[in-house]
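Input: a single structure, listed below in structure tokens.
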Protein chains: 2
Amino acid sequence: MARDNCNIKPTEAELTLLNILWKIGPATVRQVHDAISKTQKTGYTTVLKILQIMHGKTLVIRDESNRAHVYAPSNSETYTQSSLLKDLATKAFGGSTSKLVMRALDESTSKEEIADIRQLLNELDK
Amino acid sequence: MARDNCNIKPTEAELTLLNILWKIGPATVRQVHDAISKTQKTGYTTVLKILQIMHGKTLVIRDESNRAHVYAPSNSETYTQSSLLKDLATKAFGGSTSKLVMRALDESTSKEEIADIRQLLNELDK
DNA sequence: CACGAGATACGATTAGATTCGTATAACAAC
DNA sequence: GTTGTTATACGAATCTAATCGTATCTCGTG
């Protein structure tokens, strides 16, 4: 589902937080900080600040009805992934999505993955 | 063909210059500036500075035997594209290349592109 | 050799990303 | 109400990217 905001590309730190929010759902700063702390050491106020900046950019929405605000992504993971791919296709593949796809596929692609992709191609080909 | 340097990700401006070098081949600052000027307005010294920075990062090599240095990409376009895709897969697709590929494909993919991708899948599947 | 065209080198500026310390506000519980 | 805990807000420091002006160097040519 597309959004109202205009193609704002999340930075690396922002994408890290978005990944957490997509995974655990709407969450407070505390919850996001707890989640990120499992894999990296980041200060609580750092997480807070970045979420505030993301809110300013409308990358997230927040519910302020309780003392601890609850943050949620503005856009779906799917939509954001598509945007990032579109961006990369433009900047590194002359705008060609199929070139991007073919570059992504190599000998490390497993049989199962190949089967899944074939299936999707069949559906698109109808 | 992989390279000696260790996965240095080009910035946006750097990638723009790399695209030009991959297209026109080894070139002087003047030539790169002429090429980029066709699509955007950028100062000559800006192009020079970025090429110098890229040289410092070993993103490009340069031939200093003439007064006007000649710059060339350190890595092939193919290798760089693969690196960028790997990076995006890690940061936005949980490391799954096949998820990335499937997200890249959609109804805008043409019959010809689908055929090309099928062909590649067949070769990988041997 | 002096000069002008055109090259590189370098420093400064601006903007954005990232980090975190400190101040302050809200609330629960005694 | 005072106090301790846990929030948010805000400002500052640091770092990188990107841009460009100015200084300086190198050459070919008169």
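The values are calculated or read from the model by the stated rules, or taken from the named source; none is laboratory data. Here the structure is a predicted model, which means the values were calculated and not measured. Quick reminder, even Gly has a Cβ in these numbers, built from the backbone with ideal geometry, and neighbours come from all protein chains shown.
Details
- Every pair of residues 6+ apart whose Cβ atoms lie under 7 Å, when the first sits in segment B:34-52 and is away from every other protein chain (no Cβ under 14 Å) while the second is of a type in the set (Phe, Trp, Tyr) and more than 8 Å from DNA strand D (Cβ to nearest atom): B:51/B:71
- Total residues in segment A:33-69, condition near DNA strand D (Cβ under 9 Å from one of its atoms), surrounded by fewer than 17 Cβ atoms within 10 Å (Cβ to Cβ) and of a type in the set (Val, Ile, Thr): 2
- Among the residues of segment A:1-32, those identified as away from DNA strand D (no atom under 16 Å from the Cβ), at pLDDT 95 or above and polar (S, T, N, Q) are A:16, A:19.
- Across segment A:74-126, the qualifying residues are those that are assigned to a loop (DSSP other than H, G, I, E, B) and facing chain B (nearest Cβ under 7 Å), and the one among them that is modelled with the lowest pLDDT is A:125.
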